[in-house]
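This report concerns only the one structure given below.
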């Protein structure tokens, strides 16, 4: 999903350490009943971190990650580079038609916008 950053490193390390500690304490709790209290405290801390990292089904449903933008194709890169270097008026008629087909007409864009978002342009 690409949502972890270097700022999350400490919390993730803490989660790993607590997970190992919980596993070893769980084994010890079978032998020593006094370890059960410690096991519950560690389990609560693990659950808190799991919710923060979206590791539970309920917390995962709240995570919304935008998909990365798709890189432009060869035609788009070519036309953009040419327009940047030489200006918009240097495109040949064939290139203008290709650009129109690739990027769409302004009228087509407006028609799609009205179709999906309604007729009122001022609606928020």
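Bear in mind that the values in this text are calculations on the coordinates, not laboratory data. Treat the numbers as computed from the prediction; the structure is a model and nothing was measured.
What's the extension gain from residue 101 to residue 44 if we count 0.36 nm per residue and subtract their Cα-Cα distance?
14.8 nm
Run the numbers for residue 19 and residue 51: contour at 0.36 nm per residue of separation, minus the present Cα-Cα distance, in nm.
10.1 nm
Mind running the shape call on segment 6-60? Use the C-alpha gyration tensor, a ≥ b ≥ c as the square roots of the eigenvalues: rounded below 1.5 for a/c, prolate if a/b tops b/c, oblate otherwise.
prolate
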